[in-house]
1. Report the local net charge at B:T332: Lys and Arg +1, Asp and Glu -1, summed over other residues whose C-beta lies under 15 Å from its C-beta.
2. Taking square-rooted eigenvalues a ≥ b ≥ c of the alpha carbon gyration tensor, is segment B:75-213 rounded, prolate or oblate, where a/c under 1.5 means rounded and, failing that, a/b exceeding b/c means prolate?
3. Dipole of segment A:93-155, Cα-centred, from +1 at each Lys and Arg C-beta and -1 at each Asp and Glu C-beta, to the nearest 20 debye?
4. When DSSP beta bridges are limited to those with both residues in chain A, what percentage is antiparallel, rounded to the nearest 5?
5. What shape does segment A:93-155 take by its C-alpha gyration tensor, where a ≥ b ≥ c are the square roots of the eigenvalues and a/c under 1.5 counts as rounded, a/b above b/c as prolate, and the rest as oblate?
6. Count the net charge of all other residues whose Cβ sits under 11 Å from the Cβ of A:V84, scoring Lys and Arg as +1 and Asp and Glu as -1.
7. Please give, to one decimal in nm, the separation of the simple spin-label points placed at B:L327 and A:R28, each 7 Å out from Cα toward the Cβ.
8. With +1 on each Lys and Arg Cβ and -1 on each Asp and Glu Cβ, how big is the dipole of chain A about its Cα centre, in debye rounded to the nearest 20?
Amino acid sequence: MVRFENVGLRYGMGPEVLKDINFSIAPRSFQYLTGPSGAGKTTLIRLILMALKPTRGLVHLFGQDVSRLEATTLTDFRRKMGVVFQDFRLLDHLTVYENVALPLRVLGKEEAGYRAEVVELLRWVGLGERMHAVPSVLSGGEKQRAAIARALISRPQLLLADEPTGNVDPGLGRRLLRLFMELQTLGTAVVIATHDLALMELYDAPRLVLADGHLHVDA
Amino acid sequence: MTHRAWCLPTGIFMSTPDRGAEPAEHEEGEEFARPRSRLPDNLRRDQPLVPVDTVAGRALVVVIAILTFLAALSAGGALMAARASEQWRGAVANEMTIQVRPDPRRNIEADLARAVELARAVPSVAEVRAMPRDESDRLLEPWLGAGLDLIELPVPRLIVLRLNASVANDLVAFSQTLRREVPSATLDDHRLWVRRLSTMANTIIVAGVGVVMLVLVAAALAVAFATRGAMAGSRDSVEVLHLVGADDEFIAREFQNRFITLGLRGGGAGGFAAVIVIALLGWLASAWSATPEADQLQAMFGAFEIGWSGYGVVILVAAIVAAIAGLVSRVTVRHYLRAMS
């Protein structure tokens, strides 16, 4: 599903922030992406999302070399991925419902066709009574769940979650982890970027460890 | 309604302390075949993905309204000049004048009668009227004043010819015959005046169209700058849209819709204001119609009204401004997105 070969990244003329990155993500797999703060976890997620271009190396997504992709294919690939940003990145002028429905709306789907599905997912993540609220009045946990619901609504093949438990209490963190595990059993490959060791000890899974710009896989 | 069921444990968030956690509606692992409660009707507020009602958006509406107002007034003015010019040409082109100059060697009354006789024989001439002496004298009153005895002055006599609607080629021959038979008479077909009036009217029309074009260019530039500002301000939103699967076409369409909305608001307000002003001026002109000043204005500009077609042009200008706003924003966004990627 995702394969990085000798990938390096530098910003401008600066030093390489990621060096010789080699790893792969299999379909229906679950793994952590870990490392100290500033190690480059978010940068690596942005590389997978094709929001950044590597300065060297090969990135294969869904069996294709991304450097040769057309813009339309790039968009198609992004539609196969769901992402939970560390800072949620909810659109402030939209309601929770509208934010969660966003991936379906950009596909050009009719609102009547997805309304029930979005409402159902919002109820499922405990935001059934908050679907009319705008993000500015939500608590950190509610924003987190709205961001997760938005990432899930289009049933992605790959879920990338950047510090999904960073803004919630340990109890909610555990519930979120359980949610991601359930998603994996339903067929989604899950990558959780976290530096929370306690969280990783709750569920044993391969760890992609980033340190000093290098990555090694701790199986 | 077709939707895929979420086959997930619903109890995960049941005990969350956050607001909004609602009681479990389903047992863990139960498949959501259909929602139990009725779905709210007002789920979507039809909120555009790009915020519209911002301070910059409102400022742009005001700018577009002012520009549309000026463009609509210019278009209305040009249209009025075109209509007045048409009226002048119609009025002047159907009339000719024979001027019989006094000549001490000739009998002016005999020349006048002969010229009238010749004119009546021309098929293109529908009506011939020799202007009486006192009427000719009255034409000089605005320059020489009233109450003067003009008997000693060599005042030319005038014959007014009203032409048929379809002017034939016999007028050239008539002019030559008149010059031969009555040497003191000249035929004036008002071509010089028509040419001058047409030149003036055309100048006003070209200036009006030029102002409309300049205003449209200014509106396009204002929208381009506003779009770039909106894109810079919405950079995060644009990135989120990209990452949730929106393509450039979708994002460009969102911005285009936003700016068409702003353009319609501004164009509508400006066009409406222009219609009100033109209608008000028309009303004032009709209220003052009995005064000499109004008569002079009417002679110069025709009736102070632009008619339904004129109001149509004003609305068209407003629609063009809105269309330009949409088109320019779309092009600007596509260019910006290309630069971003």
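1. So the surrounding residues net to +4.
2. oblate
3. The dipole magnitude comes to about 160 debye.
4. Taking every DSSP beta bridge within chain A, about 55 percent pair in antiparallel fashion.
5. prolate
6. Overall, the nearby charge balance is +1.
7. Calculated label separation equals 5.4 nm.
8. I would put it at about 340 debye.
Quick note: the coordinates plus some simple rules give every number you see, no bench work behind them. Because the structure is predicted, anything quoted here is derived from the model rather than measured. All Cβ positions, even for glycine, are placed from backbone atoms using ideal geometry, and neighbour counts span all protein chains on display.
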